[in-house]
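Notes follow once the structure below has been shown.
The values are calculated or read from the model by the stated rules, or taken from the named source; none is laboratory data. Since the model is a prediction, treat every value here as computed from it, not as a measurement. Here Cβ is always computed from backbone atoms with ideal geometry, including for glycine, and neighbour counts include all displayed protein chains.
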């Protein structure tokens, strides 16, 4: 069971940081005031080992990390400069709760649990802002 959750956390990291995966939701104004969008690294531990990078255009998307790529109804329970608590309803068999703690304006801790497509998850990830997003290439 623990191996499955670790595997899910790794897959969620890849899915969340895939091109467009973070920038697809509508903006939630004032979420995590003082924390800026930009280029973020997300890892399974606070050391940043094996971190994945991605552009985060809207800070509420960090709370939907486990449900990347799904359309979710979000209910914000707490939104302060130090904490964001969100419940998620993402369709049949997919729901959860995320608690984002602001360590510094450039460092976050996300504890999340719930079900994705009927499978349980419960994990913690760490995110740190590493700069601005690279300019997007125009075609």
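Side notes on the structure shown:
- Taken together, 105, 29 contain a single residue that is surrounded by fewer than 19 Cβ atoms within 10 Å (Cβ to Cβ), farther than 18 Å from residue 129 by Cβ and modelled with pLDDT under 95, which is 29.
- When segment 54-81 is filtered for residues that are surrounded by fewer than 13 Cβ atoms within 10 Å (Cβ to Cβ) and closer than 16 Å to residue 106 by Cβ, only 81 remains.
- Meets criteria (in contact (Cβ under 8 Å) with a residue 40 or more places away in the chain and within 20 Å of residue 32 (Cβ to Cβ)) for residue 119: no
- Condition met for residue 111 (within 13 Å of the chain's Cα centre (by Cα), under 20 Å from residue 54 (Cα atoms) and either without any contact (Cβ under 8 Å) to a residue 24 or more places away in the chain or not in a strand (DSSP E or B) (or both)): yes
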